[in-house]
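Single-structure report; data block below.
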Amino acid sequence: MKYTYMKYLLIFALTLSCYQSSYSKSFKCLADTATAGKTILDEDGKPVNAHGGGVLYYKGVYYFFGEIKKGNTWLVPDQHWEDYRVPAGGISCYSSTDLVHWKNRGVALKPTTNNPGYDIDTSRVIERPKVIYNKETKKFVMWMHIDKNDYKYSRGGVAVSDKPWGPYQYIGSVKPNNQMLRDMNLFKDDDGKAYLIYSSEDNNTMQICLLSNDYLKPTKHYSRILINKKRESPAIFKYSGKYYLITSGCSGWSPNAAAYAVADHIMGPWEEHGNPCKGPNADSSFYSQGGFVLPVANKPGSFIFMGDIWNKLDLEQSRYLWLPIRFVKGEIEIYN
Ligand code: DGJ
């Protein structure tokens, strides 16, 4: 497992260099890193610890935020599913200008300890952080899924910072329009409006909710999509006027087949398509669960599917899968 993600990064780099020569300069060193037999380490030589995460691009720098998974994994008792957990370690931040070299910017959102009644205590669940920048307020806004061990609290937490890397001040959590929020993503559209996309209604249906102009609160405007399709882990992006949403199925930490949907308007209607993953192991999304799609800066039409390769028995040892998205005759495809 130790070098698994290295293999994927190599394939990613090679695929990019084969299919998109414009990538070659910035990704050459990624290929070199992988072929040199090194694992993906930050600039201090430590494994990058940022799971279920997302990337903010701001002023020439990519900021990668993710869940810090550290410590022993345990199985929460009396659940009807494989509820494996580690202490909530807060949210990490790494920065890079080339998606190859990652500088650890420290803990962007620190959890509290011995405060089990508080949303961001280590005893809680803090998952799938995403950050966007609000030009009007000049604040960086982080949203995340906040929960308790049984995942029934199901709320969206929000935090703000003046700097991309933090520290983020936790504001509180909310159920948008009194609806459940679990796996989530954030999307800032070209017009500056921002949306929360989340598994709701006990993971049966997804919802998309417009945020207030300061991005700190849900508004009353929301739509229900992929109704009763039981999808989670939404990864949304926009290309050539269309919105794309890649989701996973619901099988705890175990991988399953992805699917995607396309829309002309973010609130829908969304047209459902099949699995964008193609080839061997496509039905397990190559043993991963997607969670974010990264638009490569200054390369219109270049997007990276970012997934997690969960190690449910030892969550700290979970790895990453990043692959390019290809547009083929109106469909999207992902190859490993
Ligand atoms: C699947 C979700 O996508 C993850 O973020 C996490 O909540 C696990 N379920 C918990 O089993």
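The values are calculated or read from the model by the stated rules, or taken from the named source; none is laboratory data. Everything quoted here is computed from the prediction, not taken from an experiment. Here the Cβ positions follow ideal geometry from the backbone for every residue, glycine too, while neighbour counts run over all protein chains shown. Protein only, heavy atoms only, side chains kept; ligands, DNA and RNA dropped before computing areas. Shrake-Rupley method; radii C 1.70, N 1.55, O 1.52, S 1.80 Å.
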* Regarding ASP162, is this residue of a type outside the set (S, T, N, Q), modelled with pLDDT of 95 or more, within 30 Å of TRP81 (Cα to Cα) and surrounded by fewer than 23 Cβ atoms within 10 Å (Cβ to Cβ)? -> no
* To do: Examine the range 176-185 for a residue that is away from the ligand (no atom under 16 Å from the Cβ) and either closer than 22 Å to PHE64 by Cα or in contact (Cβ under 8 Å) with a residue 60 or more places away in the chain (or both), and state whether such a residue exists.
  => no
* To do: From the list TYR133, TYR151, pick out the single residue that is closer than 14 Å to MET180 by Cα and over 16 Å from the mean Cα position of the chain (by Cα).
  => TYR151
* **Lone unmet requirement of (1) away from the ligand (no atom under 14 Å from the Cβ); (2) under 22 Å from HIS51 (Cβ atoms) for GLU82** => (1)
* To do: Scan the range 45-76 residue by residue and report those that are at pLDDT below 95 and more than 24 Å from MET142 (Cα to Cα).
  => GLY45, LYS46
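Residues checked against (1) away from the ligand (no atom under 16 Å from the Cβ); (2) open to solvent by 70 Å² or more (accessible area, probe 1.4 Å); (3) more than 18 Å from TRP322 (Cβ to Cβ):
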position	(1), (2), (3)
TYR58	yes, no, yes
TYR63	yes, no, no
ASN72	yes, yes, yes
SER92	no, no, no
SER95	yes, no, no
* **strands (runs of 3 or more DSSP E) wholly inside the range 248-299 containing at least 3 residues that are within 16 Å of the ligand (Cβ to nearest atom)** => 289-295
* Looking at this structure, is GLY106 away from the ligand (no atom under 16 Å from the Cβ) and at positive phi? -> yes
